[in-house]
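Asks: There's a structure below that I have some questions on.
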Amino acid sequence: MLNMQPTIQSPTSSTGFRTWWNLLRPHTLTAAFIPVAIGSILAHIDDSFHTLLFIAMLVASLLIQAAANMINEYYDYKRGLDHEGSVGIGGAIVRDGIKPSTVLQLAFTFFGISVLLGIYICMQSSWWIAVIGIICMTAAYLYTGGPYPIAYTPFGELVAGFFMGVVIIGITYYIQAGSVPTKILLLSLPTSITIGAILTANNIRDLDNDKENGRKTLVILLGKKNSIIFIGSMFVVAYALVVAFVIAKLMTPFVLISLLSIPLAIKATKGFIGKTEPIEMMPAMAATAKTNTIMGFLIVIGLIIGNILS
């Protein structure tokens, strides 16, 4: 059994606060925040919103995402994928000297806090949420943990997009409103797709290293050229769905302000063309994550404006 009280160096020690902050991989946390925000505002539009449930769901989602990042850090180290020359925000173990056991214990501590928050959420909604919560945490662990990590297969984008988009938005709406109309699941798709695009961008950058280490990601199966076309197509579909939802009157026309993020999506896609070194692709990766973030925030803002003016 693991000691669930990890021994953690103080942020003021030689590791520094930035090391611990980077361990959370903060650029990924908006991918947990936005689905909760979208699910909550959709519930609010339908006259069902509870502030404490929103806060509990938001914190639990952020903790699970951070825990998944730490598990990824731990297993990338264990499998030899992370080294001092690795490109990216990871490397708290190999570069900053944090003990692997501390990283894993901290991840399970975050899971533990999420369970406590989940109990509160279940008490206020339904105990079926506990089953879904357990499945979500299991998926977060198995994404890079276990003998057959999901991230090493062609299904990484699908699993990440489904759980962090459809599932989180659906659960968030359910705990507020007590049901999940098909409409809500449809409206979650643009967010799900752009979350999947973040994983595709990461795998394009890591293509050569992943090949050497025996991964079978979707990017490896498609090849780099087709993967760039694929990520561009994901953005096209995501924006097309937003427009279609407005035309079908499933969303307020104000969400069309999310189209302002299209230039960033174009920059993200073009940023991979002609690049061969992982470091050269970092700006394109950052642009992909920013596209998800800005598009999501603009959708939330559009929903809020539409609700106020309706």
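Asks: Going through the stretch 242-287, which trypsin sites (Lys or Arg not before Pro) have at most 14 other Cβ atoms within 10 Å and a DSSP loop state? List each step's numbers first, then the result.
Replies: Working: sites: K249, K267, K270, K275; in loops: K249, K275.
Those that pass, being in a loop and sparsely packed, are K249.
Asks: Sticking with this structure for a sec: Which residues among the stretch 39-55 fall inside the zone where the amide N is under 17 Å from a point 7 Å beyond the Cα of W128, along Cα→Cβ?
Replies: Output list for this probe position: empty.
Asks: While we're on this one: Calculate for the chain the 222 nm mean residue ellipticity that helices alone would give, adding -39,500 (n - 2.57) per DSSP H run of length 4 or more and normalising by residue count, nearest 500 deg cm²/dmol. The partial results should precede the final answer.
Replies: Working: 14 runs with 203 residues, N = 310.
Calculated at 222 nm, the ellipticity per residue is -21500 deg cm²/dmol.
Asks: Need the list of aspartates and glutamates near K99 for cross-linking: C-alpha distance under 12 angstrom, and skip anything on the same chain fewer than eight residues off.
Replies: E73
Asks: Further question: For I119 and L185, calculate 0.36 nm times their separation in residues minus their Cα-Cα distance, and state this gained length in nm to one decimal. Write out the running numbers ahead of the final one.
Replies: Working: separation 66, 0.36 × 66 = 23.76 nm, distance 2.40 nm.
21.4 nm is the gain from fully extending I119 to L185.
Asks: Pick out the long, greasy-scoring helices in the chain: whole DSSP H runs spanning 20 Å or more along their own axis by Cα, mean Kyte-Doolittle at least 0.5.
Replies: Span-like helices here: 30-45, 51-78, 100-124, 128-142, 189-205, 224-247, 282-309.
Asks: Here is a follow-up. Of all the C-alpha pairs in the chain, what % are more than 29 Å from each other? Working shown, then result.
Replies: On the way: 17561 of 47895 pairs.
That fraction is 37 percent.
Asks: Does the stretch 97-173 come out rounded, prolate or oblate by the C-alpha gyration tensor, with a ≥ b ≥ c the root eigenvalues, rounded set by a/c under 1.5 and, if not, prolate when a/b is larger than b/c and oblate if not? Show your work: numbers first, answer last.
Replies: Working: a/c = 2.62, a/b = 1.24, b/c = 2.11.
Here the stretch 97-173 falls in the oblate category.
Asks: Can I ask one more? Given the options T51, T269, T217, which has the most mean-square fluctuation in a GNM of the chain, springs set between C-alpha atoms less than 10 angstrom apart?
Replies: Of T51, T269, T217, the most mobile in the Gaussian network model is T51.
Asks: I'd like the carbon and sulfur percentage of the solvent accessible area for the chain, probe radius 1.4 Å, heavy atoms only, ligands and nucleic acids excluded.
Replies: Working: 9980 of 14510 Å².
Result for the chain: 69 percent of the exposed heavy-atom area is carbon or sulfur.
Asks: Roll a 1.4 Å probe over the protein chains and send me the accessible area per residue for the chain in Å².
Replies: Numbers: 14510 Å² over 310 residues.
Normalised by residue count, the accessible surface of the chain is 47 Å².
Asks: Next up: Cα to Cα, under 18 Å, and not fewer than 8 places away if on the same chain: which lysines meet these conditions relative to K225?
Replies: Result set, ordered by chain and number: K211, K216, K267, K270, K275.
Asks: Still on this model: Any idea which of I305, P26, F230 is furthest toward the positive side of the dipole for the chain, if Lys and Arg beta-carbons carry +1 and Asp and Glu beta-carbons -1?
Replies: Of the candidates, F230 comes out farthest on the positive side.
Asks: Positive end of the charge dipole of the chain (Lys, Arg +1 and Asp, Glu -1 on Cβ, about the Cα centre): tell me which of S61, L116, W127 has its Cα farthest that way.
Replies: Result: S61, furthest along the dipole toward the positive end.
Asks: Counting Lys +1, Arg +1, Asp -1, Glu -1, what net charge surrounds L187 among other residues with beta carbon under 14 Å of its beta carbon? List each step's numbers first, then the result.
Replies: Details: positive: K183, K249; negative: D46.
Every neighbour counted, the sum reads +1.
Asks: Take the chain, connect every pair of alpha-carbon atoms lying under 10 Å apart with a spring to form a Gaussian network, then pick out the residue of G39, G223, G145 with the largest mean-square fluctuation.
Replies: G223
Asks: Distance in nm between label sites at F49 and I266, each 7 Å beyond Cα in the beta-carbon direction?
Replies: 3.4 nm
Asks: Now a separate question. How do the peptides 120-128, 284-292 rank, highest first, by the average count of neighbouring beta carbon atoms within 10 Å per residue? Mind showing how you got there, number by number?
Replies: Values: 120-128: 14.4, 284-292: 22.8.
Those peptides, ordered most packed to least, come out 284-292, 120-128.
The values are calculated or read from the model by the stated rules, or taken from the named source; none is laboratory data. The shown structure was predicted, so the numbers you read here are calculated from the model rather than taken from an experiment. Cβ coordinates were reconstructed from backbone atoms using ideal geometry, including for glycine residues, and neighbour counts include every protein chain displayed. The accessibility values were calculated without ligands, DNA or RNA, using every heavy atom of the protein model including side chains. Shrake-Rupley method; radii C 1.70, N 1.55, O 1.52, S 1.80 Å.
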